[in-house]
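Report on one structure; see the data block that follows.
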Amino acid sequence: MAADTAETQLAVSAIIAAGGPPETPAGVPAVPAPATQSQNGPPRVPEPDAEPVLFPPLHNSADTDSVVSGKSAPLRTGAGDDNDEDEPAVARPFLRTSSPDPASSRPGVGPMAQDDEDEEARMGYGSGDGAGPRSRLLHKMHRFSLYETASRFYIVGGDVTEKRYRILKIDRTNDDESELSITDDKAVYTQKDMNELLDTIDDGNKGTGGLRLRCTTWGLLGFIKFTGPWYMLLITKKSTVAMIGGHYVYQIDGTDLIPLTSPNLKVDQRNTNTEESRFLGILNNLDLTRSFYYSYSYDITRTLQYNITRERAALINGHPCAVDDDFNSMFVWNNHLLQPVAKLLNAPYDWCRPIIHGYIDQAAVSVYGRTAHITVIARRSRYFAGARFLKRGANDLGYVANDVETEQIVSEALTTSFHAPGPKFFANPAYTSYVQHRGSIPLHWTQDNTGVTPKPPIELNLVDPFYSAAALHFDNLFERYGAPIYALNLVKSRERTPRESKLLEEYTRAINYLNQFLPADKKIIHRAWDMSRAAKSRDQDVIGTLEEIAEDVLITTGFFHNGDGHTSPIRVQNGVARTNCIDCLDRTNAAQFVIGKRALGHQLHALGILGDTSISYDTDAVNLFTHMYHDHGDTIAVQYGGSQLVNTMETYRKINQWTSHSRDMIESFKRYYNNSFLDGQRQEAYNLFLGNYIFTHGQPMLWDLATDYYLHHEDPRTWLDKIKRDYIHWYTPKFLEPRVLPPYEPVKGKPPHSSKPMSIYDDYWLEYYRPSTLSSFVKMFPYKMNSTLRYIPFKSTLDGRYDLSPFRVRTELGDSEAQEKKKAKKEVTIVAPHDMVRMADNAETSSNNEKAGNGSGPTPTSTTGSGSKGIFSHRWLQADKHTTTHGIMKDTSHHPHGAANNNNNNSGDEAKNKQTALEKSRAAQWTFTQVVQESLNPTVSAVEAEDYARYISHPQNLPLVVSSEIPLAEIEPEYQEYVNGSWQHEGLPISSPWPNKLGLPRRDNEEEEQEQEQDRELYLETVTVADNPLTVTEEDAQKKRYKAYRKWLRGKSLFKQQPLD
């Protein structure tokens, strides 16, 4: 089958261009310039979007690129660079040269800028006023350098190819009341033009210190102001966490807050404002390096289904691409910081990166050479965001606390892009996705944590008979996901003191009220199940019940599967599973995992990787998926509750070890501590960063507010001016319409877009393949991500017996022999010496049966190799299907004496023969398994029963020890007299004294009487109880029982018999 033409073409051109000058690769048409660029405007000052970690001096030489950083970062501005790392964590600055070309054209209107403008106009992009889609290639800046003079900041941004540059000017001022001043040149420069422009700025500011490189950055997060100057927030470090359709997703690893003040303003003058310092301290409580993500070319604020549908609709309407600034503001956490830029610039997202807060992870599942990528994306809503006990329920706008959207994208890595061969744009059938939702119960309820109790009482603050907050919330869910909504409610239903059960009753009444006005096929499906009670019950299967619910959810909502609608089918998800418990943490994460696991089976089945839609537990694929969802749950729990998950999937599967109880206790204590002492600080940081609180003169400070209720709810003064929603028609009928992905329409004849280059529609290959850059596969993220291959013990695959399938259950009885061999090294094999022959015979019989082709697999007592093998620990207690169960006592048929009586065919000479190496190795298979089996299934043979009956009926003179004749050479000399005593022939008469029993010479009666008298006195002395039995007198000190006590009085230890320290 033909591969993706554009991918192959650009991959080859990237390799060819790697050794040449940084020109447009062969076979790739020139990329058009944005129609919004200014041709005749004066050159603008450069704007850096680089990283504020490095502070090197400015040198007008070619060595400027050698900036000391923590990592070896490549520079892609020139050809032939031997990059040590394909994507560094710290950006390299713009390459400055000291020899500008005086004959070159004026910056900004050179040949490249003019050609780009003409090309963009020819391709039908939006006009200069910014309306309509614009060229993604020319306007998307990827790395930035921040330069400064005494009066301004300049940000120089370069695209992913490092061939086109733009510049942004930001004024510096010491006036706290001044407005933010930002100017975008809108011109596209070449590297030579940008160098000339920077040299001009440097020459014009020689009197005040010239132009200096402040830092490098990966993007601009926005601007914020408190009581003093404006601040600029930059991304200084990043790391790659996922790759979706060739578009990389990055995690923020470092940020820098730079004040827009003049350099002559001293630091101590700024710190004199204590209120400003306190605001900065509150903002620093929010760690932007934990779980904040962004992308340059993929909209991570939207689901894959929405992005594909939007791009497909743009193609049908004749546009080469959709509008790039259609972000979902619900998940843009720096939305408040972007507002000043949005007011001053027509295209703020060319310079600023919208970020989401949540969790992103990606891993690979290898199935016999086919690779499937699993991507988990969790997006946390910025509305009604906060800490656990401070944000409960819903506000009057319908936004709920702990609102998190979780999407899992499963794709086959056969081709990278979203496009199918043809090319069929955004019609690749190798992409599927499924979306879930979690959020607090949409009612007005709170918990007061001012006390010391870890579980404060739940209070319903407002009783609304029309359930307006729940109506707004479900209408928003209809808008985002369609209908129906499957509400899985996991709160407790029976409690001694009603807490969660109160919310269950009110939530049920709310859904019943809202459902009576919805169409029959669009009603909210409410499934209430007390998961906590089921987990504590021994007769309920928590996972089994969740599996049934998950299958019902998948049938109800479906999942998204991309395709062209002709050769590959299209599936669209309509509706969503909304899961909640009281905190939406532990129980919710377990339920979402089971639903996600079920969806994973359906997605892999749709991709043709699985023949069935179900995946078993304890497989490599599910173990990998479990780790991803466990990290996902831990991250969400830390963000909302202050600690990681307390109850994990191992808890609900009841396979957790006893050591996990201490871990659960620690996490519970951490959650209680954070909720009691640190959540207030975290909530203030959220309110300040998200713009819920904005400083205004004459208004109370953030830390003086008694409550932040009015920061998250609607202003009561606007209630009278607001049009009330209908209590009956509370939903929007448009949102209930089913989602549809239009099929790809092939154009008859010569398509009108045939003359347009592939980069017009999607520029992912520029970011993924890195034209003009020498790279290798081992440096690319898809080759470094976590995979099921890491679960495979490669040493065990050498003999070809290890099943490499990631869907093979690894804990079942029929595991590979290689795995047994690996675990047998740490075990102890117990072999009875006189049973080695019997074990060798049994092993020989089992081996002969296998050779006869009886179809049975290898048994624990058989071997396929020459080395000795024991049985590994998790099979000790498994019953052996191929051997007979024995009792705890040895079978007398294998005993030397029993053999002579019961088995005449076995002669005694065979037991005396020396065993061969093979017999010894087979005999070694008798391990602790038989001991355990015999102890669990004790049996007594007929001969043993007869011997025992004869023993208990004998007149007490039956010897307890029966042994054969012992050679005299093996007897110690001191026991010779005892062994040769007359008791061997005369027995052990009861009447004879004990010296006669041992064969010793008789003593006189007088000696015996004295000894008996001493024993009697000692006995009477021992049993006599004094008046004060616990008091030791001087007379007692001489008694034998106080020998150790006397030594202790002399300074010796009671145990070690050494002087005390």
Could you list the chymotrypsin sites (Phe, Trp or Tyr not before Pro) in segment 590-671 that lie in coil according to DSSP, counting only those with at most 12 other Cβ atoms within 10 Å of their Cβ?
Trp658
Per residue of segment 468-479, in order, report the coupling 6.51 cos²θ - 1.76 cosθ + 1.60 (Karplus, θ = phi - 60°) as ³J(HN,Hα) in whole Hz, putting x for Gly and Pro.
5, 5, 5, 5, 5, 5, 6, 5, 5, 5, 4, 5
For segment 280-356, state what percent of all Cα-Cα pairs lands in each successive 5 Å bin, counting from 0 Å until the bin that includes the largest distance.
3, 13, 21, 21, 18, 13, 5, 3, 2, 1, 0
How large is log10 I(q)/I(0) at q = 0.20, 0.21, 0.29 Å⁻¹ when the Debye formula is applied to the Cα atoms of segment 390-447, each weighted equally and without solvent?
-0.73, -0.77, -1.09
Apply the Karplus parameterisation 6.51 cos²θ - 1.76 cosθ + 1.60, with θ equal to phi minus 60°, to every residue of segment 242-250 and state each ³J(HN,Hα) to the nearest whole Hz, in sequence, with x for glycine and proline.
7, 9, 10, x, x, 9, 7, 10, 10
Highest mean first, how do 88-94, 419-425 rank when packing is the count of other Cβ atoms within 10 Å averaged over residues?
88-94, 419-425
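Return the Rg/Rh value of segment 369-493, two decimal places, where both radii are evaluated on C-alpha atoms and Rh is the Kirkwood radius.
Working: Rg = 19.9 Å, Rh = 17.5 Å.
Looking at segment 369-493, the ratio lands at 1.14.
Net charge near Tyr791: determine it from the other residues with C-beta under 13 Å of the C-beta of Tyr791, scoring Lys and Arg +1 and Asp and Glu -1. Could the numbers behind the result be given before it?
On the way: positive: Arg790, Arg808, Arg810; negative: Asp618, Asp620, Asp803.
My count for the surroundings of Tyr791 gives 0.
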List every residue whose amide H lies under 5 Å from the amide H of Arg143, counting only residues 5 or more places away in sequence or on a different chain, with H placed 1.01 Å from N in the peptide plane.
Gly158
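How long are the semi-axes of the ellipsoid equivalent to segment 157-206, from square roots of 5 times the Cα gyration tensor eigenvalues, in whole Å, largest first? Could the numbers behind the result be given before it?
Working: eigenvalues 128, 47, 11 Å².
Equivalent ellipsoid semi-axes, largest first: 25, 15, 7 Å.
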With a bin width of 10 angstrom, please list the P(r) values of segment 512-575 as percents of all Cα-Cα pairs, from the 0 bin to the one holding the largest distance.
17, 30, 29, 19, 5, 0
Given 328-336, 489-497, the highest-first ranking by average Cβ count within 10 Å works out to 328-336, 489-497
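Can you list the GluC sites (Glu not before Pro) in segment 259-338 that are in a DSSP coil and have 10 or fewer other beta carbons within 10 angstrom?
Numbers: sites: Glu275, Glu276, Glu311; in loops: none.
Passing both the DSSP loop test and the Cβ count: no residue.
Would you work out what percent of the accessible area of segment 458-615, with all protein chains in place, is carbon or sulfur (probe 1.4 Å)? Kindly include the intermediate steps, with their values, before the conclusion.
Details: 2850 of 5980 Å².
Carbon-and-sulfur percentage of accessible area, whole number: 48.
Could you give the semi-axes, largest first, of the ellipsoid that matches segment 444-484, computed as the square roots of 5 times the alpha carbon gyration tensor eigenvalues and rounded to whole Å?
Numbers: eigenvalues 180, 37, 8 Å².
Each semi-axis is the square root of five times an eigenvalue, giving 30, 14, 6 Å.
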Hey, any idea what Rg/Rh is for segment 453-529, computing Rh the Kirkwood way over Cα pairs?
1.01
Expressed as a whole percentage, what fraction of the accessible surface of segment 207-311 belongs to carbon and sulfur atoms when a 1.4 Å probe is rolled over the protein heavy atoms?
46 percent
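If you take all C-alpha pairs in segment 136-230, what percent of them are over 17 Å apart?
Details: 2432 of 4465 pairs.
Everything past 17 Å amounts to 54 percent.
How large is the Kirkwood hydrodynamic radius of segment 228-366, in angstrom, based on all distinct alpha carbon pairs? It would help to have the intermediate numbers written out before the result.
On the way: mean 1/r = 0.0571 Å⁻¹.
With all distinct Cα pairs of segment 228-366 included, I get 17.5 Å.
Using the structure shown, select from Lys206/Lys343; Lys343/Lys724; Lys391/Lys502; Lys391/Lys455; Lys140/Lys225 the pairs with a Cα to Cα distance greater than 21 angstrom.
Details: Lys206/Lys343 33 Å; Lys343/Lys724 31 Å; Lys391/Lys502 18 Å; Lys391/Lys455 15 Å; Lys140/Lys225 27 Å.
The answer is Lys206/Lys343; Lys343/Lys724; Lys140/Lys225.
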Just add up the charged neighbours of Arg494: K/R +1, D/E -1, any other residue whose Cβ is under 9 Å from the Cβ of Arg494.
+1
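The values are calculated or read from the model by the stated rules, or taken from the named source; none is laboratory data. In this text, all values refer to a predicted model and were calculated from it rather than measured experimentally. Glycine gets a Cβ as well: all are built from the backbone with ideal geometry, and neighbour counts include every protein chain shown. Heavy atoms of the whole protein, side chains included, go into the accessibility calculation; ligands, DNA and RNA do not. Shrake-Rupley method; radii C 1.70, N 1.55, O 1.52, S 1.80 Å.
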